[in-house]
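What follows is a single structure, written as structure tokens, with notes after it.
Quick note: the coordinates plus some simple rules give every number you see, no bench work behind them. Here the structure is a predicted model, which means the values were calculated and not measured. Because the Cβ atoms are built from the backbone with ideal geometry, glycine has one as well, and the counts that use them run over all protein chains shown.
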Amino acid sequence: MPLEVQRINEGTVIDHIAAGAGTRVLQILSSSYPLNGMAALIINAPSKKFGRKDIVKIEGVFIDEKIANRIALIAPEASVNIIKGGKVVDKHHVEMPTSLSALVKCPNPKCITNFERAPTTFIHEGKYLRCRHCERVFKPDELA
Amino acid sequence: MRDLISIRDLSKKDVESFLSEAAKMEKLIGTPKSELLKGKVVANMFFEPSTRTNMSFQAASKRLGAKIMTFYPNTSSVAKGETLADTVRMIDGYADALVIRHPLEGSVRFAADLADNPVINAGDGGNQHPTQTLIDLYSIKKLKGKISGLKVTLLGDLKHARAMRSLLYGLGMFGAEVTLVSPTSLRMEEDIIRETKEKFGTSVTQTSEISLKGCDVLYVCRIQKERFSDQYEAEKIQKEFRVDLDLVKFAPKDLAILHPLPKVDEIPPEVDHDPRAKYFEQAKNGVPVRMAVLYKCIKG
């Protein structure tokens, strides 16, 4: 019997999250917005595209571009559905930006950005992101 | 050119321009014409120990006729907890250029973002040491007449030596063929090898066996024993990766042996007398190259 999760009227549904990454997407959301409404994390849902996928539904929150970019680091295939009045009013895929500024910490413990008030910037290089300061390269999910 | 932060910021044309300027500076040393920065003030800010880089920047500034201010972190407000940002902003108001060595990676780019005057990286943690790379390329070109097509072996602790990371990139840029020789545990990080291969199509071979057959340049660096928790293991590795007379005896006659210095046990003193040992000449090249860097950064 298929699992049923209640629909939301006002909020965001993030679909097509690679199976296993949903928990981290929810962590990003809960650290970025006050989650006062209902939130649901569905893991290992069947997917034609991925075989298995995770889905996050949050009520009362409309995610902005900055947070969508951060989600793209760990779920590059995710799609964001904005729900208003029970209907999808906007649907788009998250996009990895060419550079990320002041969004995430540099994982290099010796990077100056972890010691002084220096906003981090990561520049996209193929599959990797390079810290503008310490010049170390990271896989996207290492930054999320 | 305003700042010199990383070799990765430079094009081949930029590097060639530094090298040709250094050749001009070498000819000017000791002549009144060398005082091209008369009236300027250079601040040397070394937050970590240095002999060659600090001294050669001082010598370069003086040869160019500039005044030099030396900053000592232990007796400055840094010891009271002043941030790097505040220190840089303040000294930027006193000098026409800032030469900075700092243990944190990315610190010099951070300083350059804050300063109005040119900032030169004299080593930022394990990241970059661009003026050393320019000295290495200048030395190789001077000794061999070219860099392209040379077979260059980099030997030693390739994991921790920032000079080797920058050098691999510079050698790749100029079309050298590179062999990396190190213990498996001290191999160079993959990111810089991948980048050099992808950007320049460089041939890079990794091995733990030392073979100098057909080698044009052997570039040795120190095994950084202080990074080992097991000193016995460090000593063992040091012995295996030693460039002694027995090894040099069978090396090509026209080999050039380079080292960024300081050298400790990896090259015993008896090798210093071999005509192929060029590391003191390489260190001497630090002055004209750093003169070129100061001149181009300050005068544009």
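Quick one: what Rg and Dmax do you get for chain A from the alpha carbons, in Å?
16.3, 54
With the Cα gyration tensor of the protein assembly as shown in hand, give its eigenvalues times 5 under a square root as the equivalent ellipsoid semi-axes, listed largest first in whole angstrom.
Over the Cα atoms of the protein assembly as shown, the semi-axes work out to 49, 28, 19 Å.
Take the Cα atoms of chain B, find their three principal axes, and give me the spread along each one in whole Å, biggest first.
Principal extents (largest minus smallest coordinate, Cα): 54, 44, 39 Å.
From other protein chains only, count the Cβ atoms within 10 Å of every residue's Cβ in A:122-133, then give the mean.
Per residue, the average neighbour count from other chains is 3.
Need the C-alpha centroid separation for region A:44-80 versus region B:69-115, integer Å.
43 Å
Return the equivalent ellipsoid semi-axes of region B:33-179 as a descending list in whole Å, where each equals the square root of 5 times an eigenvalue of the C-alpha gyration tensor.
The equivalent ellipsoid of region B:33-179 has semi-axes of 30, 19, 12 Å.
How long are the semi-axes of the equivalent ellipsoid of region B:1-50, taking √(5λ) for every eigenvalue λ of the Cα gyration tensor, in whole Å from largest down?
Over the Cα atoms of region B:1-50, the ellipsoid semi-axes are 22, 20, 11 Å.
Which number gives the lysine pairs in chain A that have C-alpha atoms under 20 Å apart and are eight or more places apart or on different chains?
The result is 17.
So what is the diffusion coefficient of region A:37-113 in µm² per second by Stokes-Einstein at 4 °C and 1.567 mPa s, using a Kirkwood Rh over Cα pairs?
Diffusion coefficient, whole number: 89 µm²/s.
Select from region B:158-227 those trypsin sites (Lys or Arg not before Pro) which occupy a DSSP coil region and have at most 11 other Cβ atoms within 10 Å, ordered by residue number.
B:LYS213
Given the C-alpha centroids of region B:16-56 and region B:148-195, what is the distance between them in whole angstrom?
27 Å
How do B:41-47, B:7-13 rank on mean C-beta neighbours within 10 Å, highest first?
On the way: B:41-47: 22.3, B:7-13: 15.1.
By packing density, highest mean first, the sequence is B:41-47, B:7-13.
Pull out a ≥ b ≥ c, the square roots of the eigenvalues of the alpha-carbon gyration tensor of region B:131-283, then state rounded if a/c is under 1.5, prolate if not and a/b is larger than b/c, and oblate in the remaining case.
oblate
If we count other beta carbons within 10 Å of each Cβ, what is the order of A:HIS133, A:HIS124, A:HIS92, B:HIS273, fewest first?
B:HIS273, A:HIS92, A:HIS124, A:HIS133
Springs between alpha-carbon pairs under 10 angstrom, Gaussian network model over chain B: which of B:GLY149, B:GLY175, B:GLY286 fluctuates most?
B:GLY149
Tally the DSSP beta bridges in the protein assembly as shown and give the antiparallel ones as a percent, rounded to 5.
Of all bridge pairs located within the protein assembly as shown, approximately 50 percent are antiparallel.
Over chain B, what relative contact order in percent results from Cα pairs under 8 Å that are six or more residues apart?
Numbers: 556 pairs, mean separation 64.2, N = 300.
It comes to 21 percent, rounded to a whole number.
Filter B:LYS24/B:LYS263; B:LYS159/B:LYS225; B:LYS38/B:LYS62 down to the pairs with a C-alpha to C-alpha distance above 18 Å, please. Don't jump to the answer; show the numbers that get you there.
Numbers: B:LYS24/B:LYS263 29 Å; B:LYS159/B:LYS225 12 Å; B:LYS38/B:LYS62 9 Å.
From B:LYS24/B:LYS263; B:LYS159/B:LYS225; B:LYS38/B:LYS62, over 18 Å: B:LYS24/B:LYS263.
I need the Kirkwood Rh of region B:93-158: take the reciprocal of the average 1/r across all distinct C-alpha pairs and report it in angstrom.
Across region B:93-158, the inverse of the average 1/r is 13.9 Å.
Viscosity 1.002 mPa s, temperature 20 °C: give me the Stokes-Einstein translational D for region A:99-143 in µm²/s, with Rh taken as the Kirkwood radius over C-alpha pairs.
Working: Rh = 10.2 Å.
Reported coefficient: 209 µm²/s.
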